[in-house]
Amino acid sequence: MVDNDAFVTPGDKIATEEEFASGDNTFVENGVIYSTIIGRVVKNEGRVGVTNSGREIKIIGRDMLVIGTVTDNMKSVMFVKLDDINIENKDFLALKDGKIVAERPRMGGRSFGGERDRGDRSGGNRFSSGPREEKPCKVGDTILARVLYNDKDSYTLSLRDRETGVIYAKCELCGADLQQKDRGVLACPECGHAENRKISELYNNPGGIKKLFV
């Protein structure tokens with residue numbers, strides 16, 4: 001059963017007829033109550049319905065920007081837990097997670113970030129899964145990415161744009177917040193350890209990131 005005031009989308013299960021009577025903007029199938037709109041669940045006096053929240057609600061799709069945390073690093077794919085984005089009167093809902101897939105082999109190895117080259121706006125940051133195993137980001141990093149493909153079970157993400165890449169990271173040795181030292185290099189102010197990344201031009205700039213979604 002979905003909590004009261006929870007966000008739901010069309011087709012989401014919100015309750016059963018054993019628990020509630022079907023209310024506004026819902027339909028019943030095999031004793032299960034589903035939402036017919038994007039909105040918030042409202043429970044009142046034994047009825048459950050869905051109401052438009054009065055906010056602009058968008059489902060994240062192809063070519064949109066997303067924010068997430070890298071959760072796993074495999075040989076040719078990195079997995080990203082995507083966040084819902086709630087800014088002022090807008091809600092961007094991520095209904096599934098993302099992945100960054102290595103491109104097909106090129107000279108010097110495979111690069112991550114998506115096959116589409118947007119006029120080479122990557123700022124010169126190139127990463128491969130060759131002998132050096134360089135990757136654009138690491139587990140635990142917060143990234144800003146663009147949706148390249150909206151697949152059935154996940155989003156395929158790109159880090160090719162200048163604004164996309166790592167926006168927040170911690171030192172793998174001491175856990176301190178990393179600071180940008182140079183293009184493609186983050187350094188720890190505590191222990192001096194330096195790490196390579198595909199760094200967003202909006203690294204550690206929440207105000208600039210917010211403007212992308214407002």
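Cut-off under 13 Å on the C-alpha distance; same-chain residues fewer than 8 positions from residue 138 excluded. Which aspartates and glutamates are left, in chain and number order? Correct list for residue 138: 72, 172, 195. Residue order for 40, 183, 47, 197, fewest other beta carbons within 10 angstrom first, comes to 183, 47, 40, 197. Annotation: the residues 182, 153, 91, sorted from fewest to most other C-beta atoms within 10 Å of their own C-beta, follow the order 153, 182, 91. Shown for 43, 90: other C-beta atoms within 10 Å of each C-beta, ranked fewest to most, produce the order 90, 43. Legend: distances between Cα atoms for 13/211; 99/170; 75/170; 13/75; 152/210; pairs beyond 30 Å are 13/211; 13/75.
Go through 160-168, 206-214 and give me the packing order, highest mean Cβ count within 10 Å leading.
Numbers: 160-168: 22.3, 206-214: 12.4.
Packing order, densest peptide first, comes out as 160-168, 206-214.
Any read-out appearing in this document is the output of simple, stated calculations on the displayed coordinates, not a laboratory observation. Since the structure is predicted, the reported quantities are computational estimates derived from the model, not experimental observations. Positions of Cβ are generated from backbone atoms using ideal geometry, with glycine treated the same way; all protein chains shown enter the neighbour counts.
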